[in-house]
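K.L.:
Pasting in a structure now, in structure tokens, and then I'll have a few things to ask.
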Amino acid sequence: MTLHHPFIIASNLNPGIEISGATISICPSDTPSHHDPHGKPCWAYEIELPNGERHEGHDLFGWGETQEMMGNLLAFIGSCGEDRRYREQDGETEVDEDSSEGLFPPAVAEWAAQNSDEISCIRCEIEETKNLIEE
């Protein structure tokens, strides 16, 4: 596998990206039981925040290649941050059950809200540039 900017090899040896001191990595899940009802493969991801907190997930499903799935993951993280920012601007204290903010732990939502512009820029670069990961 060959990675091109903005991709890096994360500390867990998976393809990742760095955004504002956080590292987000992704790989196909090695657990065969992690498939959605339609048989789509599961992707595992790890978000390491600048303070060293790590958050893992095994709930991203899709048929795409690694680059496409990273773009999808960033879309969810970005949406989470936007919802967090809108909630705070409105002075709300409770997370709405329909909000994307609940997709990730509160620390990730807070980081995503603070870095939503950079998340969006890197997501666009990943989605618009082909072959950043040669598998």
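The values are calculated or read from the model by the stated rules, or taken from the named source; none is laboratory data. Since the model is a prediction, treat every value here as computed from it, not as a measurement. No Cβ is skipped: glycine too gets one built from the backbone with ideal geometry, and neighbour counts run over all protein chains shown. Just the protein is used for accessible areas: all its heavy atoms, side chains included, with ligands, DNA and RNA removed. Shrake-Rupley method; radii C 1.70, N 1.55, O 1.52, S 1.80 Å.
K.L.:
In the stretch 90-119, which residue that is loosely packed, with under 15 Cβ neighbours inside 10 Å and small (Gly, Ala, Ser) is farthest from Leu74 (Cα to Cα)?
P.N.:
That would be Gly91.
K.L.:
Right, another one. Report every pair of residues separated by at least 6 positions or lying on different chains whose Cβ atoms are under 7 Å apart, first residue within the stretch 39-50 and in a loop (DSSP other than H, G, I, E, B), second among the aromatic types (Phe, Trp, Tyr).
P.N.:
These pairs meet every condition: Lys40/Phe61; Lys40/Trp63; Leu49/Trp111.
K.L.:
Turning to a different aspect of this structure: Count, please, the residues in the stretch 51-80 that happen to be within 11 Å of the chain's Cα centre (by Cα) and in a helix (DSSP H, G or I).
P.N.:
Adding up the residues that qualify gives 12.
K.L.:
For residues that are touching a Gly at 6+ places or on another chain (Cβ under 8 Å) and loosely packed, with under 14 Cβ neighbours inside 10 Å, tally how many sit in the stretch 9-24. Before you say what the answer is, go through the steps one by one.
P.N.:
At the first step, the residues of the stretch 9-24 found to be touching a Gly at 6+ places or on another chain (Cβ under 8 Å) are 9-10, 23-24.
With the extra rule that they be loosely packed, with under 14 Cβ neighbours inside 10 Å, the set shrinks to 9.
The total comes to 1.
K.L.:
Also, I was wondering about something else. Out of curiosity, is Ala107 among the hydrophobic types (A, V, I, L, M, F, W, C), in contact with an Asp or Glu (Cβ under 6 Å, 6 or more places away or on another chain), farther than 29 Å from Asn131 by Cβ and in contact (Cβ under 8 Å) with a residue 12 or more places away in the chain?
P.N.:
Taking the combined requirement at face value, the residue satisfies it.
K.L.:
Let me ask something else. At negative phi and open to solvent by 10 Å² or more (accessible area, probe 1.4 Å): which single residue out of Cys42, Cys27, Cys80 fits that description?
P.N.:
Working: Cys42 fails: open to solvent by 10 Å² or more (accessible area, probe 1.4 Å); Cys80 fails: open to solvent by 10 Å² or more (accessible area, probe 1.4 Å).
Going through Cys42, Cys27, Cys80 in turn, the sole match is Cys27.
K.L.:
Across the stretch 45-77, what is the total count of residues that are surrounded by 19 or more Cβ atoms within 10 Å (Cβ to Cβ) and either over 24 Å from Glu125 (Cα atoms) or of a type in the set (D, E, K, R) (or both)?
P.N.:
1
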